[in-house]
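Every read-out reported here was derived from the displayed coordinates using simple, explicitly stated rules and does not represent laboratory data. Only a predicted model underlies this, so the values are computations on that prediction, with no experimental measurement involved. When we count neighbours, we look across all protein chains shown, and the Cβ atoms used for this are built from the backbone with ideal geometry, even at glycine.
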Amino acid sequence: MRTPRSRRVMLATAIAVAAITPLAACAGGSSGESGGSGGGASGTDPESFTVMTANENATLEELLTKLSEGACKAENEALPLEHQKVAQADTVQKVTLLASQDALPAHTIAGTALIRPDGDLGAGGLVQDLEETGAAEYILPAAASTEENVYGGVVSMPYQYNIEGFWYNTQIFEEEGIDVPTTWEDFLAVADQLQQAGVQPLTTAGASGFPLTRLIGMYIYRTVGPDAMEAIRDGDAKLTDEDYVAGAQALADLADAGYFGEGFSTRDGDTSTNQFLTGQAAITYDGSWLLGAINDPERNQIGAENVGFFPFPDVEGGEGSIDQYPANAGAPMIISSKQYGPKVADWVTCIAENYGALALNEAGIISGFEVNEEVTDISPNTAEVQDIISGIDAETVLWFEALFDPKSNSLASTNVTLLTTGQMSAEDYMADLQESIDANG
């Protein structure tokens with residue numbers, strides 16, 4: 001795995017930047033130094049197991065509280081659980097300030113750039129390496145692979161885990177005698193057959209930009225291989241290279257053929273989802289977060305039993321593989337290495353062992369943890385995705401813009417409308433993006 005090159009985030013104040021730097025010298029139990037749980041931890045336990053989560057994520061607080069009252073009761077009695085909250089948008093500023101004051105909570109949400117090896121917290125030795133904790137036994141290989149790709153190490157408790165792919169209307173496929181495509185050529189043939197039958201093949205939230213760029217990225221991953229976007233980040237390849245331009249062209253061709261239907265470039269996420277769940281379109285590309293809508297009988301008019309899932313197909317001659325799923329692990333939730341003492345270590349292990357089953361049972365949430373008990377009261381769709389995630393043993397891949405700087409990330413979504421409406425060529429789209437990456441990366 002390549003180590004990400006330096007991309008320091010904009011911090012709140014010059015004082016905070018200056019204050020974080022000296023912490024590298026005094027950070028106890030820096031990443032990779034602590035091991036196991038209980039007595040194997042090298043940090044110093046705090047007075048409470050303080051967990052700081054986003055205001056927008058009430059479910060995580062509720063589930064951790066349930067663990068403190070149940071499976072992790074003993075850990076809670078030894079080190080009481082306390083909650084702190086922060087607005088998601090204020091995370092980087094808040095965490096940076098707390099780090100500068102040597103006051104990071106034992107377990108906290110953090111910004112992605114901050115916790116990478118070259119980020120302020122990562123370089124300062126303030127982030128606990130979870131592979132050196134008792135949690136490692138319970139983190140699924142797929143989640144570990146995703147974290148390696150995103151963060152440069154397994155440093156976040158994967159409370160949420162999503163894979164992406166194509167959701168399809170099984171009833172329409174059966175009526176039209178269509179098999180699930182496994183190659184890109186098959187996929188195009190399916191789209192054409194649906195269109196000829198008077199069925200809109202695809203729906204997408206073009207107004208959001210990123211649902212379209214996801215398709216570019218996946219085509220590139222299947223063609224170039226799982227390290228395709230790391231090569232761009234590291235300067236070993238350019239978006240203007242032929243295989244990369246082919247990804248933009250593949251998306252442009254889908255739009256030009258009319259497969260997304262009329263008005264897709266101004267279609268928002270809710271409208272796109274409703275088109276699929278009311279049977280107006282046969283296929284949509286989305287993440288497993290769509291399960292919330294699929295499992296809602298008021299929204300899902302085609303019925304959950306008529307929704308299937310298949311991965312992005314292989315591209316003939318490509319270096320990638322159909323079993324390399326695009327994935328993300330939600331907002332990062334790190335453990336402070338300085339506070340990774342024996343009692344915190346016990347908490348971390350207990351959460352990792354028990355959270356997967358609890359989240360599925362209580363909230364229908366798929367995590368990156370093993371499920372340590374049978375879970376029966378979930379939908380077949382959720383169970384299918386959970387089984388897929390549990391069975392992934394190949395390297396996962398990221399989304400198209402995951403390793404871009406913020407300006408290039410925004411440009412990818414802004415210009416993709418021009419690409420898919422014929423106002424910009426695939427070559428120009430990729431050239432503009434590469435220019436931005438060169439200037440801002």
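Odds and ends about this structure:
- Long-range HN-HN contacts of LEU81 with modeled amide H, under 5 Å: PHE49
- 34 Å tail of the calculated P(r), the chain, as % of Cα pairs: 35
- Cβ-based net charge around LEU63, under 13 Å, with every Lys or Arg adding one and every Asp or Glu removing one: -3
- Placed amide H near PHE312: partners under 5 Å, 5+ positions off or other chain: PHE166
- 5 angstrom amide H check on PHE369, placed H, neighbours 5+ away: LEU140
- Within the chain, helix-based [θ] at 222 nm, where runs of 4 or more DSSP H residues each add -39,500 (n - 2.57), nearest 500: -13000 deg cm²/dmol
- P(r), alpha carbons of segment 258-342 - 5 Å bins starting at zero, rounded %: 3, 10, 17, 15, 15, 14, 9, 6, 5, 4, 2, 0
- Rounded to 10°, Cα long-axis angle of helix 380-391 versus longest principal axis of the chain: 70
- Span per principal axis, largest first, for the Cα atoms of segment 158-209 (Å): 41, 25, 22
- Cut-off 13 Å between beta-carbons: net charge of the residues surrounding PHE312, Lys and Arg +1, Asp and Glu -1: -3
- Listed pairs LYS238/LYS407; LYS94/LYS338; LYS66/LYS94; LYS73/LYS343; LYS338/LYS407 exceeding 23 Å between Cα atoms: LYS66/LYS94; LYS338/LYS407
- A cut-off under 13 angstrom between Cβ atoms defines the neighbours of PRO211, and their net charge, with Lys, Arg +1 and Asp, Glu -1, is -3.
- Of all DSSP beta bridges confined to the chain, the antiparallel ones make up roughly 55%.
- Coupling constants for segment 72-77 follow from the phi torsions by the Karplus curve (6.51 cos²θ - 1.76 cosθ + 1.60, θ = phi - 60°), and in residue order they are 10, 4, 5, 5, 5, 5 Hz; glycine and proline get x.
- Once the Cα atoms are used to define both axes, helix 406-420 deviates from the longest principal axis of the chain by about 10 degrees.
- Angle in degrees between helix 184-196 and the longest Cα principal axis of the chain, rounded to the nearest 10: 50
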